[in-house]
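This report concerns only the one structure given below.
The values are calculated or read from the model by the stated rules, or taken from the named source; none is laboratory data. Values in this document were obtained by computation on a predicted structure and should not be read as measured data. Cβ placement follows ideal geometry from the backbone for every residue including glycine, while neighbour counts extend to all protein chains displayed.
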Amino acid sequence: MSEYPQAHFLTSANAQSQFVADDGAEVAVAGRSNAGKSSAINIIVNRRQFARTSKTPGRTQLVNFFSLADGKRLVDLPGYGFARVSVATRQHWGELLADYFRTRSSLQGLILVADIRRRLTDYDEHMLEFAESVDLPVHILLTKADKLKRGQRSQAVLEVRKELGERATVQSFSALTRDGEIEARTVLEKFLRS
């Protein structure tokens with residue numbers, strides 16, 4: 001049973017003028033193209049294929065708005081970094097994301113998805129900077145935690161927490177084993193209540 005039985009897709013936007021009305025509360029989810037962002041969204045919302053997964057990294061190429069409940073939205077941002085796209089497309093995404101972060105007063109938090117084996121990249125740092133520019137709280141999901149042994153997983157989380165300090169909260173997460181599911185959903189709900 002989904003945690004959000006009324007959850008549904010609203011629209012995809014390729015320009016600021018196509019964003020949904022800026023009311024209620026929304027949480028953005030961002031991540032490098034091959035970090036498992038769509039799988040993480042599906043586990044947190046507890047709906048299979050809610051956000052479409054693909055074997056080809058970088059399938060999310062638009063800003064996708066989903067309604068979770070009345071006045072509560074989740075926004076799936078374009079996967080960045082690994083996607084094979086033109087320089088012009090990459091530049092457009094950068095401008096689209098800048099517009100999104102700068103203009104959305106309903107935006108209450110950012111969930112940043114990163115592969116636990118690769119830690120944080122320059123792209124993740126860029127997303128952190130977007131969030132900091134508008135004083136937005138960030139929670140980091142270190143995904144694919146099932147690929148590491150328990151000790152390695154704990155060490156990775158500790159290292160990222162140390163690196164970031166107060167800039168973000170951090171947890172390990174696995175879409176495969178659902179490890180970290182409740183913690184991630186709790187953060188989503190907390191952001192939506194902000």
Scan (1) surrounded by fewer than 22 Cβ atoms within 10 Å (Cβ to Cβ); (2) out of contact with any Lys or Arg (no Cβ under 7 Å at 6 or more places or on another chain); (3) modelled with pLDDT under 95; (4) hydrophobic (A, V, I, L, M, F, W, C) for the single condition PHE19 breaks and write down its number. (3)
Going through the stretch 132-155 one residue at a time, which ones are buried (at least 21 other Cβ atoms within 10 Å of the Cβ) and small (Gly, Ala, Ser)? ALA145
Could you check how many residues of the stretch 176-193 are within 16 Å of the chain's Cα centre (by Cα) and at pLDDT below 95? 0
Being aliphatic (A, V, I, L, M) and in contact with a Phe, Trp or Tyr (Cβ under 9 Å, 6 or more places away or on another chain) is the filter; apply it to the stretch 115-139 and report the residue that is farthest from VAL170 (Cα to Cα). VAL134
In the stretch 106-128, the residues that are small (Gly, Ala, Ser) and surrounded by 20 or more Cβ atoms within 10 Å (Cβ to Cβ): GLY109, ALA114
Which is modelled with pLDDT of 95 or more and not in a strand (DSSP E or B), of LEU120, LEU110, LEU158, LEU141? LEU158
What is the residue count in the stretch 162-189 for residues that are touching a residue at least 60 places away in the same chain (Cβ under 8 Å) and either buried (at least 17 other Cβ atoms within 10 Å of the Cβ) or touching a strand residue (DSSP E or B) at 6+ places or on another chain (Cβ under 8 Å) (or both)? 6
Qualifying positions in the stretch 97-107 - part of a helix (DSSP H, G or I) and of a type in the set (S, T, N, Q): THR103
Going by the structure shown, is THR103 of a type in the set (Ser, Thr, Tyr) and either crowded, with 18+ Cβ neighbours inside 10 Å or within 16 Å of the chain's Cα centre (by Cα) (or both)? no
Going through ALA21, ALA35 one at a time, which residue ends up being assigned to a loop (DSSP other than H, G, I, E, B), without any contact (Cβ under 8 Å) to a residue 40 or more places away in the chain and either touching a Gly at 6+ places or on another chain (Cβ under 7 Å) or not β-branched (Val, Ile, Thr) (or both)? ALA21
Residue within the stretch 43-66 that is more than 28 Å from SER105 (Cβ to Cβ), in contact with a Ser or Thr (Cβ under 9 Å, 6 or more places away or on another chain) and at pLDDT 85 or above present: yes
Among the residues in the stretch 82-94, are any more than 15 Å from the chain's Cα centre (by Cα), at pLDDT 95 or above and outside any strand (DSSP E or B)? no
